Amino acid sequence: RERSVKNNYKADFPLLANSDLIYLDSAATSQKPQCVIDALTNYYQTQNANVHRALYGLGEAATAEYEQARKKVAGFINSEADEVIFTKGTTQGLNWIANGFAEQVLKPGDEILISIEEHHSNLVPWQIIAQKTGAKLVYVYLTADLNFDYADFEVKLNSKTKIVALHHMSNVLGNILDISKLAELTHNFGAYLVVDGAQAAAHTVLDMKKFDCDFYAFSGHKMFGPMGIGVLFGKRELLAKMQPVEYGGEMINEVSEQSADFKAAPLKFEAGTQNVAGAIGLGVAIDYLKQVGITNIEKVDLDLSKYAKNKLEEIDGITIYGHNHGIISFNLDGVHPHDVASFLDADDLCLRAGHHCAEPLMNYLKIPACLRASFSIYNDYSDVDALANSLKKIKEFFGK
Ligand code: PMP
């Protein structure tokens, strides 16, 4: 295939540079730049030792690298280093908040406020905690143009609300919420704001001091980092109250036969051997992100989703649900999105089709599933052109 436009960043990503694949699924996971892949190899080739326990140079150096990665994350999100807990990813972080913090706070009749756009990771843990504590799960719905309804949020927020748990950026509609404003409203009622930052971390500036949210969870693998590493930010005083969900080595001060005393955060949450290579790889991914520049990323995101909207609108029979910040979700009328995705695959186009772990949102939109193209800095207009051309062929094939 002739690629009409050359993209400056694609060369940094070996999987894409060495193939004809048109990767439009960065919202599921981003591709990894060579520098991150090298950091993982380098760790195992030259630095591998367990951290926080070795009294020899190699182990001390690995500990220093791991803690350096924590500082890098803290710098990236504008928080203190002891407010950064390494996790497996967003899902684990959100489950820990629900089980280690919210369960202590919630009483029967209290309310947990979430939105209809939440990913199952920021929805099912709250359903379970609501069932355990007798709290009620309340939903904020969308405006007519499919945006978060701030007016509905203000109607639903009340003195019974104890936890507000919201996405920063939707994985289906691509909209970004105003976290500072939501935090202020939430705190006016004495509730806590938990933010699912899985999609936002690689697309907009993260600033915990400015946001003033209470907890914020995100995943390394969606921001050019490795899989299996993520971050849970919590305000220091709340992490002091929050209970660990896992217990074991390295998170304790002292253990006697009948009881144990835990270290302070963040280590009290990091039980057992950690993903040290992952944390170091995430640090390198952050360096890479900074080098590219969030403003550049935002520009590519907006450019490509707008270009895609215009291109797809030219095709009769395409319904678009959301287009923003590097995400466009749509359907080809009369053809199941799974079939469309299989046909797109035959043209080397990688797109996600399904409910996108947001079944309540699909029900709200009255669709069983949809297709989603999501972009990153290695994509360009030629990728969108290829998508539009392939969709035209599929439409003809199905006689639509
Ligand atoms: N929330 C949102 C909005 C997401 O898009 C995702 C990833 N699809 C998650 C949570 C869960 O992230 P992870 O699978 O990395 O834990």
Averaged across orientations, what area in nm² does the convex hull of the alpha carbons in the stretch 1-93 project?
8.6 nm²
Between residue 88 and residue 396, take the C-beta separation as r, use R0 = 51 Å, and let me know the FRET efficiency to the nearest 0.05.
0.70
How do the peptides 199-212, 384-397 rank, highest first, by the average count of neighbouring beta carbon atoms within 10 Å per residue?
199-212, 384-397
How big is the C-alpha Rg of the stretch 85-236 next to the rule-of-thumb value 2.2 N^0.38 Å, as a ratio?
0.96
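Kindly rank 274-286, 362-374 from highest to lowest mean number of other beta carbons found within 10 Å of each residue. List each step's numbers first, then the result.
On the way: 274-286: 24.4, 362-374: 19.2.
Result, highest mean first: 274-286, 362-374.
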Throw me the Rg/Rh for the chain, computed over C-alpha atoms with Kirkwood Rh, two decimals.
0.99
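Which of 87, 133 comes first, and how do the rest follow, when ranked by fewest Cβ neighbours within 10 Å? Present the calculation step by step, with values, prior to reporting the outcome.
On the way: 87 24, 133 19.
Listed from fewest to most nearby Cβ atoms, that is 133, 87.
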Would you list, by chain and number, the aspartates and glutamates whose Cα falls below 15 Å from the Cα of residue 209, excluding same-chain residues fewer than 8 positions away?
80, 82, 83, 178, 184, 237
Whichever lysines have a C-alpha closer than 16 Å to that of residue 309, once near sequence neighbours (fewer than 8 apart) are set aside:
299, 392
Inter-part gap, Cα centre of the stretch 309-336 to Cα centre of the stretch 240-279, in whole angstrom, is 47 Å
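Peptides 297-307, 246-256: what's the order by average Cβ count within 10 Å, highest mean first?
Working: 297-307: 19.0, 246-256: 12.8.
Listed from highest to lowest mean packing, they are 297-307, 246-256.
After finding the eigenvalues of the alpha carbon gyration tensor for the stretch 270-343, what semi-axes result from the square roots of 5 times each, listed largest first in whole Å? Don't jump to the answer; show the numbers that get you there.
Working: eigenvalues 256, 77, 15 Å².
Ellipsoid semi-axes (Å, largest first): 36, 20, 9.
Any chance you could count the Lys pairs in the stretch 69-164 whose alpha carbons are under 13 Å apart, treating pairs 8 or more apart or on different chains as valid?
Details: 107/132; 107/136; 107/160; 107/162; 136/156; 136/160; 136/162.
Step by step, the pairs that qualify in the stretch 69-164 add up to 7.
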So how compact is the stretch 19-156: Cα radius of gyration and Dmax in angstrom?
20.7, 62
Hey, could you grab the Kirkwood Rh for the stretch 196-273? Inverse mean 1/r over distinct alpha carbon pairs, Å, one decimal.
14.2 Å
Compactness summary of the stretch 131-173: radius of gyration and Dmax from Cα atoms, Å, are 12.1, 35
GNM on the chain, C-alpha springs below 10 Å: top fluctuator among 68, 258, 34?
258
Considering the convex hull of the alpha carbon atoms of the stretch 339-400, report its projected area averaged over all viewing directions, in nm², one decimal.
5.0 nm²
Considering the stretch 146-236, what Rg and Dmax in Å follow from its alpha-carbon atoms?
13.4, 41
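Throughout, read-outs are computed from the coordinates displayed, never taken from laboratory work. Owing to the predicted nature of the structure, the values given are computational and were not obtained by experimental measurement. Note: ideal-geometry Cβ built from the backbone for every residue, glycine included; neighbour counts use all protein chains shown.
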